[in-house]
């Protein structure tokens, strides 16, 4: 081998760019749709934690895997973010976030490990969710609104138009 490549290191392609985001707040852990896509829309996942490194991982698995939880509806069918409200999962993750206030909502960006069918989140790199300000209807009063609520499905029912008397 020649000295041309001396000092170079092989790029680790196993750690891929990921658009996955995990949101922790209240009594839930939420994953965006990109998480399901990057894991190939698994029906079931398992969550793993590493207390020493303060990391959480989500990994595709089968229904028969111990501690498996239902996850994605399948490719093309997963319309909204995936919310897990399993108390054991929420408590385990929040234990690794001792400075998190009960009213806080934090987001964490993931790193994809395609060969392991897993995404890892660093809990030391959480960012508070951005709150939007909006005006209350018919008032000059501003109301805080969590950006996460904007992802919730809108009601499909339509109000029948009634004219207001003037």
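Read-outs throughout are calculated quantities, based only on the coordinates presented, and are distinct from any laboratory measurement. None of these values were measured; they are calculated from a predicted model. All Cβ positions, even for glycine, are placed from backbone atoms using ideal geometry, and neighbour counts span all protein chains on display.
When 18, 72 are ordered from fewest to most other Cβ atoms inside 10 Å of their Cβ, what list results?
Details: 18 18, 72 21.
Ascending Cβ contact count within 10 Å gives the list 18, 72.
Based on the mean of other beta carbon atoms within 10 Å per residue, what is the order of 74-83, 44-53, most packed first?
44-53, 74-83
Can you pull the one-decimal nm distance between simple spin-label points at residue 91 and residue 124, each 7 Å off the Cα toward Cβ?
My value for the distance between the label points is 2.7 nm.
Simple spin-label model, 7 Å along Cα-to-Cβ: residue 3 to residue 34 in nm?
A separation of 4.4 nm, rounded to one decimal place.
Kindly state, to the nearest 0.05, the FRET efficiency for residue 102 paired with residue 50, given R0 = 25 Å and r defined as their beta-carbon distance.
On the way: r = 24 Å, r/R0 = 0.97.
Here the calculated transfer efficiency is 0.55.
Can you list, largest first and rounded to whole Å, the semi-axes you get for region 3-111 by taking the square root of 5 times each eigenvalue of its Cα gyration tensor? Intermediate results must be reported in sequence, preceding the final value.
Details: eigenvalues 151, 80, 38 Å².
One finds semi-axes of 27, 20, 14 Å for region 3-111.
Counting other beta carbons within 10 Å of each residue's own, what order do 64, 54 fall into, fewest first? Write out the running numbers ahead of the final one.
On the way: 64 7, 54 15.
Sorted ascending by nearby Cβ count, the order is 64, 54.
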